[in-house]
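Shown next, in structure tokens, is the structure this report addresses.
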Amino acid sequence: MTITARPGGSFVDADLSADLAAAALDLARRFHDGATLWVISPQWEPHAHHVAVEFVHPVIMGKRALPSVALVEPDPVAQARVASQPGDLLLAVASADEPAVVDAMRRAQAWGVLTLWIGSGPRPPAGAANHILWIDSDDPMVPATGTFVLMYHLLWELTHVCFEHPGLLKPSPDECAEDVCVTCGDEGRVGEVVLEPADTTPQALVRTAKGEEWVDVSMLGDLKPNDLVLIHAGAAITTLESDQQEVTR
Amino acid sequence: MTTHETESTSFLYPFIESEETDAKSLLDDLAASARDKAAESARLQSASLDEYSDALTAAGTEMADRFRRGGRLYTFGNGGSSTDAATLASLFSRPAHGRPVAAWSLAADEAVVTALGNDVGFELIFKRQIIAHARDRDVAIALSTSGNSEDLLTAITEAKQRGLLTIGFAGHDGGRMAVAEDLDFCFTVHSQSIHRIQESHAMLGYRLWSVAQQHMARPLNGAHT
């Protein structure tokens, strides 16, 4: 048995510190635009609560209170779906193979929510979240040694530094260059079915990052609420399988 | 030349130029700050473990003896420390490996906490639960970055009177916890940062768990030879 765990701070190298910095700037920008930060941690609920209390009731007097809520009901995906609005933030503290988090991160594209994922062990696939803040350690005790606490403490501290630079809180100019951007280009957009088609029309109500819209689904078979579809030019062109992506190292 | 081109046109777009530069320099500053804070966190964790090495071994051993007699662990704190208390309780009750023991956070049940807070006062939310739950073979761990939280101190006093092993995690100068006679062990993390103190509390708690696990894995009749 390991009696001495590796200090969490020793994992924060050039790469991880740059990841934290980029995530903090995005957090600050979204908060500046009125976002709420939703937090899920199905394996370790106290971490979700700690993140929320950190932002809502800062330990440093004078720092502004920011909206953040821990979602700890048995079905965090359902909770995040109904809670989140376009422009919001979703932070998960979870391993890469946590099914509810894998699912929530995929669906966040349809919800218009920016995602952050803190964890350790095997990494999620690249692009599984907008910001992957990862501890590359196989030690299963990492979640209990203060390392995740350090990660979200740093995120909070850096986010508040960003508020001292209001000129930089506008959307990043290269935002539309990212492949997750849905406002420009001819790429398919991810949508989540809200209402299945009524008998007489091939139109389903679908939720996308831009809001809700009626979409032609005549190309697809039966659709149920919460199915994920890919939308192109006003029509749903394919259903996205709910199979989880494989965890890669 | 590129340099000349930049120089010759930059005056036309002063804001674009300066904002791009500023965003990069801000990100560089943030990353450097993250590394500095992380280094301090690691230093403080190691220093705290070193300072309390013997006491942590003694406390963890005593905890193991109590768990072997059927003892339970109660953890408690306020705010972020209540979540760290819950993480610590989970480490004992459902560890990734090793033997699980009964442990829970006294802030976990909102019905109990709000009933006590509303009916008898916030400073009694933990003490009343100690009165309800505690047996003399149990363990109480209180986490407070200031060491001064009234609701924790009254619960510690009650726990001590009932024969529990009492352990405090404090910060700054230890506050009232550092001088509390009702604490069998007090681990004060010497820092002015609440964040860094909490990160060290987690590491100290992990050491307690490790020691307790090691002792619970030994045969009883060989434990004291």
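Here are the numbers for the structure shown:
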read-out: Cα-based shape type of the stretch A:189-240, given that a ≥ b ≥ c are square roots of the gyration tensor eigenvalues and the cut on a/c is 1.5; value: rounded
read-out: Ellipticity estimate at 222 nm from DSSP helix runs (n ≥ 4, -39,500 (n - 2.57)) divided over the protein assembly as shown, nearest 500; value: -14000 deg cm²/dmol
read-out: Gap separating the Cα centres of the stretch A:1-59 and the stretch B:159-187, nearest whole Å; value: 30 Å
read-out: Values of log10 I(q)/I(0), in the order q = 0.10, 0.12, 0.13 Å⁻¹, for the protein assembly as shown under a Debye, Cα-only, solvent-free model; value: -0.80, -1.05, -1.17
read-out: Proximal lysines to A:Lys63, defined as alpha-carbon separation beneath 29 angstrom and excluding residues fewer than eight positions away on the same chain; value: A:Lys170, B:Lys24, B:Lys37
read-out: Top of A:Gly119, A:Gly34, A:Gly167 by mean-square fluctuation, Gaussian network on chain A, Cα under 10 Å; value: A:Gly167
read-out: Tail fraction, Cα-Cα pairs, chain A, threshold 31 Å, whole percent; value: 26 percent
read-out: Mean Cα-pair separation over length for the stretch A:1-123, i.e. relative contact order, pairs under 8 Å, 6 or more apart, %; value: 25 percent
read-out: Over the stretch B:74-175: Rg over Rh, Cα atoms, Kirkwood Rh; value: 0.96
read-out: Sparsely packed trypsin sites (Lys or Arg not before Pro) within the stretch B:35-90, loop by DSSP, other Cβ within 10 Å at most 15; value: B:Arg69
read-out: Whole-number percent relative contact order across the stretch B:38-219, with pairs defined as alpha carbons under 8 Å at least 6 apart; value: 27 percent
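Read-outs: derived from the displayed coordinates by stated rules, not from any lab. Model, not experiment: these values are computed from the prediction. Reconstructed Cβ throughout: ideal geometry from the backbone, glycine too, with neighbour counts over all protein chains shown.
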